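Please read the structure below before turning to the comments.
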Amino acid sequence: MGQFQDLLNAVISAKLSNINNDATAAIRSRGLDPMQHVTSGSQVIGSINLGICTAEAIASYVLENLTGLSSFHINSLVVTSANASPDGSSVSGAIQMDAVLTSDVGIQVGGNFKAGCLYYTPSVGLSGNVSVSGVSISATGDFNATLGTQLCLTAMDVMNPNLNYGNININIDGLGILNELLGPLEDFILGLVKGQIISLIENAITPPINSAISGVLPLCTSLS
């Protein structure tokens, strides 16, 4: 079924610029760049000797104002397999998308850090940022097309995007007397980014991508 695959890839390629522009607009219109609230909570980070006692240190953290998702850019969106139905009225198969974020993902870190015992409860504010660079996104999906006097691509859905990154940098301002817990705090935030936040991004960008793709459909081409 190479002919169908080639024809479909040609019409998709001709509209890729439109899809990219629409995806950027959809990401912004859905409030994903900036994404005001990313995650928040509290976590025991470790323990620290305050002189009069050893106390647990608790971080109440807020990660917010995530930027960079509107730099999403599809490098390739292609049909990887195409099969006609038994009655010859339609074609369906699989697609592959490879994309990048042309800007780094930035996230602001806020909240407070507290450790205390007896009447001594030092507390300091949290302030910092996270930068995720070299972000690429790959995804698979499926498509449907009608087959008659023309071949018309009528549906195309991207599913299960997988986000990869080059590097994650975390910078947090000094914690004063709690400074020895900077390392464990940064490790905790790193774990949040690698797990929960990357999953959040993967889920968040799927609807605007598919909305942008749907916006250019149907795409028809002659069989001759």
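Placing one identical point scatterer on every Cα of region 1-136 and ignoring solvent, what is log10 I(q)/I(0) from the Debye formula at q = 0.22 Å⁻¹? Per q value, in the given order, log10 I(q)/I(0) is -1.19.
With the convex hull of its Cα atoms as the shape, region 59-103 has an orientation-averaged projected area of 6.2 nm². Rounded to the nearest 10 square angstrom, residue 152 shows an accessible area of 20 square angstrom against a 1.4 Å probe. Considering only protein heavy atoms and a probe of 1.4 Å, how much of the accessible area of region 51-122 is carbon and sulfur, as a whole percent? Solvent-exposed carbon and sulfur of region 51-122 make up 50 percent of the total.
When region 56-183 is described by a simple charge dipole with +1 on each Lys and Arg Cβ and -1 on each Asp and Glu Cβ, the residue from 73, 120, 109 located farthest towards its positive end is 120. For residue 81 and residue 199, the FRET efficiency from 1/(1 + (r/R0)^6), where r spans their Cβ atoms and R0 equals 25 Å, is about 0.35.
Net length available on complete extension from residue 149 to residue 39 is 34.4 nm, with 0.36 nm assigned per residue and the Cα-Cα distance removed.
Note that region 164-224, at 10 °C in a medium of 1.306 mPa s, gets a Stokes-Einstein diffusion coefficient of 103 µm²/s from its Kirkwood radius over C-alpha pairs. Length available on full extension from residue 98 to residue 120: 0.36 nm per residue minus the Cα-Cα distance, which gives 2.5 nm.
Full extension of the segment from residue 29 to residue 56, taken as 0.36 nm per residue of separation minus the current Cα-Cα distance, would add 5.5 nm. Gaussian network model of the chain, Cα springs within a sub-10 Å range: biggest mean-square fluctuation belongs to which of 89, 71, 199? Per the Cα network of the chain with a 10 Å cutoff, 89 tops the list. Using a probe of 1.4 angstrom and keeping all protein chains present, the accessible surface of region 1-157 works out to 46 square angstrom per residue. Could you work out how far the C-alpha centroid of region 92-118 sits from that of region 66-80, in angstrom? So the separation of the two Cα centres works out to 16 Å. Annotation for residue 108 and residue 214: the two label points, set 7 Å from Cα along the Cα-Cβ direction, are 3.3 nm apart.
Per-residue ellipticity at 222 nm computed for the chain from its helices equals -8000 deg cm²/dmol, with DSSP H segments shorter than 4 residues left out and the rest contributing -39,500 (n - 2.57). Using a cutoff of 8 angstrom between alpha carbon atoms and counting only pairs six or more residues apart, the relative contact order for the chain works out to 21 percent. Across region 33-98, Cα pairs under 8 Å and at least six residues apart give a relative contact order of 29 percent.
Rounded to the nearest 10 degrees, the angle from helix 2-14 to the longest Cα principal axis of the chain is 60 degrees. Grouping the Cα pair distances of region 1-67 into 5 Å bins from zero gives a pair-distance distribution of 3, 13, 10, 10, 9, 9, 9, 8, 7, 6, 6, 4, 3, 2, 1, 0 percent in increasing distance order. Per the Kirkwood definition applied to all pairs of different Cα atoms, how many angstroms is the hydrodynamic radius of region 88-224? Here the Kirkwood hydrodynamic radius works out to 18.6 Å.
The values are calculated or read from the model by the stated rules, or taken from the named source; none is laboratory data. Keep in mind that this is a model prediction, so the values were computed, not measured. Note: ideal-geometry Cβ built from the backbone for every residue, glycine included; neighbour counts use all protein chains shown. Surface accessibility is based on the protein's heavy atoms, side chains included, excluding ligands, DNA and RNA. Shrake-Rupley method; radii C 1.70, N 1.55, O 1.52, S 1.80 Å.
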